[in-house]
Amino acid sequence: MGDVVYVRTTGAEPGPGIEVRSRELKGRYPPRLFVSPGTLVGHPELRAFVLVVVDVEGRRGAVLGWASRFEVQRADTDASHGHPVHMLRAAWLHPLPVAAP
């Protein structure tokens, strides 16, 4: 659903090197972008990560912003979900359009 929201928001498919990440809008925590170290190592072509929040029951969503690969690599690591991931809060993300190198 995140890719659909991205296309409807931007009018285009995500370009090469851009990965759209979806998070369901639920719970008490604000939306966050999570990227595992394994994704960074296994996919060196990825240069930007876009966070899309979705309301599955309401069948709606919104693009919250994006972060460059460098910003994700520098982000704090959170292991509270059982495995370590780089975590960025939505408030720290850049607005569209994606302008990562």
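Derivation of every value follows stated rules applied to the coordinates shown; laboratory data play no part. Just so it is clear, the structure is predicted and the values come from calculations on it, not from any experiment. Cβ sites come from the backbone with ideal geometry, for glycine too, and all protein chains shown count toward neighbours.
Under the classification rounded if a/c is under 1.5, otherwise prolate if a/b is larger than b/c and oblate if not, where does the chain fall, given a ≥ b ≥ c as square roots of the Cα gyration tensor eigenvalues?
Numbers: a/c = 1.77, a/b = 1.10, b/c = 1.60.
Because a/c hits 1.5 or more and a/b fails to exceed b/c, the chain counts as oblate.
If neighbour count is taken as other Cβ atoms inside 10 Å, put 46, 51 in order from fewest to most.
On the way: 46 18, 51 24.
In increasing order of surrounding Cβ atoms, one gets 46, 51.
If amide hydrogens are placed 1.01 Å from N in the peptide plane, which non-local residues have theirs closer than 5 Å to the one on residue 52?
21, 22, 23, 64
State, in angstrom, two size descriptors of segment 1-45 derived from its alpha carbons: Rg to one decimal place and Dmax to the nearest whole number.
Radius of gyration, then largest Cα-Cα span, for segment 1-45: 12.7, 34 Å.
So what are the ³J(HN,Hα) numbers for segment 26-35, from phi and the Karplus equation (6.51, -1.76, 1.60; θ = phi - 60°), rounded to whole Hz, Gly and Pro as x?
For segment 26-35, the Karplus curve yields 6, x, 9, 8, x, x, 9, 8, 10, 9 Hz.
Under a GNM of the chain (C-alpha, springs under 10 Å), which listed residue has the highest mean-square fluctuation: 17, 65, 42?
Taking springs between Cα atoms under 10 Å, the residue moving most is 42.
Can you run phi through the Karplus equation (6.51, -1.76, 1.60; θ = phi - 60°) for segment 37-53 and list ³J(HN,Hα) in whole Hz, with x for Gly and Pro?
x, x, 5, 5, 6, x, 9, x, 6, 6, 10, 8, 10, 10, 9, 10, 9
Among 40, 33, rank each residue by its count of other Cβ atoms within 10 Å, from fewest to most, as a rough exposure measure.
Lowest to highest Cβ neighbour count: 40, 33.
Can you sort 28, 60 by how many other beta carbons sit within 10 Å, fewest first? List each step's numbers first, then the result.
Values: 28 4, 60 12.
Arranged by neighbour count, lowest to highest, 28, 60 become 28, 60.
Could you run the Karplus curve 6.51 cos²θ - 1.76 cosθ + 1.60 with θ = phi - 60° over segment 57-70 and give me ³J(HN,Hα) per residue in whole Hz, x for Gly and Pro?
5, x, 6, 8, x, 8, 7, 9, x, 9, 9, 6, 4, 4
By the scheme Lys and Arg +1, Asp and Glu -1, what is the net charge of all other residues having a beta-carbon under 15 Å from that of residue 99?
Numbers: positive: 47, 69; negative: 71.
Cβ neighbours under 15 Å give a net charge of +1.
Can you list residues from other chains, or at least 5 along the same chain, whose modelled amide H is less than 5 Å from the amide H of residue 36?
Residues meeting the amide H criterion: 86.
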